[in-house]
Amino acid sequence: MFETGIRQLRLALGMVGGKRLNTRNLARLVGDALATLQEFGEPGADVQQLVDGPFADPEARDHLATRGIQRTAARLAQQSPFYQRRFAAAGITPGKLKLDELGAIPVTVKSELVERPAEFRCADTEVHLTTRTTGTTGKPAEVWLSKYEIDLWAGLGALSAVLRDELRPTDIMQVHSSSRATAAVHLDVGSCRLAGAGCRVLGIVPPDSALDGLTAGGATIMATYPSYLAELVVAARRRGLGPDDFPLRRIQVGGEVLSPSLKKAAYAQFGVESISDSFGMTEVIPVTARTCGQGHLHHDINTGYVEYLDLDTGEPARPGALATVVITPFFPYRDCMPVFRYDTRDVVRLLPDEPLTCEVSALPACGPLLGKADHLLRAGGEVVTGRQLTEAVEALPSEPWPGRYRASVHGGRLRLALPTSAVAGLSEADARAHFAAHGLDVAELTLVPDSEAVGLRPLRTDLHELTFAAGA
Amino acid sequence: MADDLVFTTVFELFVAVGGTVVTTVLALFYLRRVRLERPAVGVFNGRDIAVLLCVLALLPTLYVVLAHWALTTFLAITFMASLSIGYRPVVRNQGLLWAGIGLLLGANIWMARTMLGTVLGWQLYWVETSVIVVLGACAVANLYVQGGMRLKHVARFALLLAVYDLVFTAVTPLTNELAQDFLGYPLDPSFGFRLGLFNATLGLGDLLIYSLFVAAAFKAYGRSAARFAMVVVVVFGAVIPATAPLLINFIDARADVVVPAQTFFGPGAFAAYLWLRHRYGRERTMKEFLASDDVVHAVVAATPAVAVEPVPAAPAAASAAIVD
């Protein structure tokens, strides 16, 4: 107990001092958390403040954010060639930067990271592992990570997951994400190692192989993409598997839109206690976000600063408006190739300016991710988002999971192409009525053969990895 | 002289047994009914014993070295901390709690300064001091046991204290010096009483380890084990040390009895622990204890805790699918 207090103090002092944290100390804290759970069955009463931070007070929130921004900018001005130039051009003093002065620094966009990755690398770090974005939204970005940050993220992730009962020593986590997403895989493996849990990394393998691991393999947690989850639901139904066949207790998904219909089906199919829909992005780890019970998206503002900028003006968005999420991970949480004001191009709608009443109301929130800004459509004066389309398609009676479609706007009207089987049993009028009920005025509905469905919209589940067993 | 020895021995026996029984029974009563707030992360472990022992080794030296005003301040802060933490869940009105603590400690300082000219004054002073000490020992024992301290830890701690007490009583007479130094000063960390010229006392540290032993035995193995532990505590912690002066002359010139009680208690406690472990096996966790019928389930709910340790943040999701 005393040494746990000392470890917490060491970590806190490291944070206040703005220096790299001792990752071994953090790993020991995870051990302390496990011992606490073993003895008491649950963490102490202050656990929410421990994992979410003391952010109910907006002043404390701004104070922490200002310090984080100043610390991060000061380091980047010294160590990152890209930001040395950018800050100099903006005429700001990094160590004295205020939150309301951030607008003077242009946002960083993905193309800059893709074209000039070496300029983002900090001079005071040693590279250890490279990770790539999956490239579903364009040319993949390659991001170098230091050993320190990999250890740090695993430690922070494990501590958070253990205290929230998202990861137990008795768990086996089965991971289905692209094998090139090494950061995500390392985070899963590292978190499981620290928590004493098992970890099975399979990748995007044929669904039957995945189901074998989820049944006989005893997996209790699955981490994957919504589109792959959809394939698993379909495959499990085909094999006649039900909730009693799966020891799963949690499914965590991210990276794509999880529709309510698919979520409901996954609950019924796998019999899990929870399906968490979280946000993560290679470029801005460890700033993540999770979805609360009321469907809000809560970004983790302990480790970074999150801005919501108006899509048209680039200024802070107003309540109720659509906004792109711009994230600055703080030092010492991001080490090797940090970004500053990184425009994720993920679109959210800001919530009304009212107090939150959800279970994580101490953290600020926005609406759920609606899709990428560059994929928004404007039809009949209305904005059509990727989420709207995915939710509408996946809610079709045929349950066409994962939802495949191609949407475009011609002459201000929405055109939608779907696989033939998606609207099986429905007349065109019925199909239009279905979409109208989901707020979509589909002017033209085109059907394509099912064999061409994959070409309509790339999904992460398309990043198939072959196995000899599947080929035999 | 021989009559004095018999009288002081019997007197010491009554004080020691009385203090031991009152404190341990109160600690058990508390453990069954009151839940203390605990930090989000942290459970008592073996290394914490080493920390406690280091503190224990340094404290007496500090007591001797410090000026009396500084020592009184230090003791007042220590008692305030233990009483406020321990009785926050019991006295829900925080104003009342702090007023009570202030009254207890203030009265003790006042009595020590003004009432020690008569035997009755001494007796009132000891009764008041003993109330503070019993409440403090009960609170701290529960803080540790409810924080995850196990019987194994207590038994090892007692064994180490046996060596410590022997060294600082027989080899380096620091304990004797302390007993004399504290006598008649405010907030003497002892349970005691006075009859005529004789003061009989039992140290706060002794009461704490006895309460820990009984409470940890109860938490670990239940009622039978607690009864057994209580017998061990009374015999090895009170009866044998109190009657020891009849055999070993540890009486100083003022006839204040100073006996290394832990030297008798430590081996007995450790042997008792080994027997309990042999008989009952693995100790219950706090979770298992709280789920048992050894707990009175209409517990007094704890009020919100003091400010959390300044700990760092953690990312929202351990293993979110991280993508572009």
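Tabulated data
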{"quantity": "DSSP H segments from chain A that extend 20 Å or more along their own axis, Cα-based, with Kyte-Doolittle mean of -1.0 or above", "calculated": "A:2-17, A:23-40, A:58-79, A:147-163"}
{"quantity": "Carbon and sulfur %, accessible surface of the protein assembly as shown computed with the full protein complex present, 1.4 Å", "calculated": "60 percent"}
{"quantity": "Computed over the protein assembly as shown, the ratio Rg/Rh where both radii use C-alpha atoms and Rh is Kirkwood", "calculated": "1.10"}
{"quantity": "Formal net charge of residues neighbouring residue B:220 (Cβ-Cβ distance under 10 Å; K, R +1; D, E -1)", "calculated": "+4"}
{"quantity": "DSSP bridge orientation in region A:376-451 - percent antiparallel, rounded to nearest 5", "calculated": "55 percent"}
{"quantity": "Whole-Å distance, taken between Cα centres, linking region A:88-129 and region A:384-441", "calculated": "41 Å"}
{"quantity": "Residue-averaged [θ]222 nm for the protein assembly as shown, counting only DSSP H segments that reach four residues, each worth -39500 (n - 2.57)", "calculated": "-15000 deg cm²/dmol"}
{"quantity": "Dipole of the protein assembly as shown, positive direction: furthest Cα of A:369, A:209, B:242, with charges on the beta-carbon", "calculated": "B:242"}
{"quantity": "Extension gain from residue B:32 to residue B:66, taking 0.36 nm per residue of separation minus the Cα-Cα distance", "calculated": "8.4 nm"}
{"quantity": "FRET efficiency, 1/(1 + (r/R0)^6) with R0 56 Å, evaluated for residue B:223 and residue A:118 via beta carbons", "calculated": "0.20"}
{"quantity": "Overall Cα dimensions of chain A, principal axis frame, Å, largest first", "calculated": "65, 52, 44"}
{"quantity": "Calculated P(r) of region A:229-281 - Cα pairs past 19 Å, %", "calculated": "23 percent"}
{"quantity": "Net dipole in debye of region A:1-96 [+1 Lys, Arg Cβ; -1 Asp, Glu Cβ; about Cα centre; nearest 20]", "calculated": "920 debye"}
{"quantity": "Rounded to whole Å, sorted largest first: equivalent-ellipsoid semi-axes of region B:1-123, Cα gyration tensor", "calculated": "29, 21, 20"}
{"quantity": "Sequence of B:126, A:401, B:98, B:69 when ordered by accessible area, the most exposed leading, probe 1.4 angstrom", "calculated": "B:69, B:98, A:401, B:126"}
{"quantity": "Part-to-part distance (alpha-carbon centres) for region A:178-205 and region B:178-239, which is given in Å", "calculated": "54 Å"}
{"quantity": "Cα extents of region A:376-451 along the three principal axes, largest first (Å)", "calculated": "31, 23, 20"}
{"quantity": "Dipole in debye (nearest 20) - region B:2-291, about Cα centre, beta carbon charges: Lys, Arg +1; Asp, Glu -1", "calculated": "1620 debye"}
{"quantity": "Farthest positive-ward along the protein assembly as shown dipole, Cα basis, beta-carbon charges - from A:403, B:228, A:467", "calculated": "B:228"}
{"quantity": "Contour excess over end-to-end distance, with Cα ends at residue A:238 and residue A:410 and 0.36 nm allotted per residue", "calculated": "58.1 nm"}
{"quantity": "Region B:12-47 versus region A:321-354: alpha-carbon centroid distance in Å", "calculated": "51 Å"}
{"quantity": "Computed label-point distance, nm, for sites residue B:74 and residue A:38 using a 7 Å Cα→Cβ extension", "calculated": "3.7 nm"}
{"quantity": "Dipole magnitude of chain A, debye to nearest 20 (Cβ charges: Lys/Arg +1, Asp/Glu -1, about Cα centre)", "calculated": "1060 debye"}
{"quantity": "Calculated FRET efficiency for the pair residue A:312/residue A:139, C-beta based, R₀ 22 Å, to 0.05", "calculated": "0.30"}
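The values are calculated or read from the model by the stated rules, or taken from the named source; none is laboratory data. All values derive from a computational prediction rather than experimental measurement. All Cβ positions, glycine included, derive from the backbone under ideal geometry; neighbour counts span all protein chains shown. When the accessible area is computed, the model is the full protein with side chains, heavy atoms only, and any ligands, DNA or RNA have been set aside. Shrake-Rupley method; radii C 1.70, N 1.55, O 1.52, S 1.80 Å.
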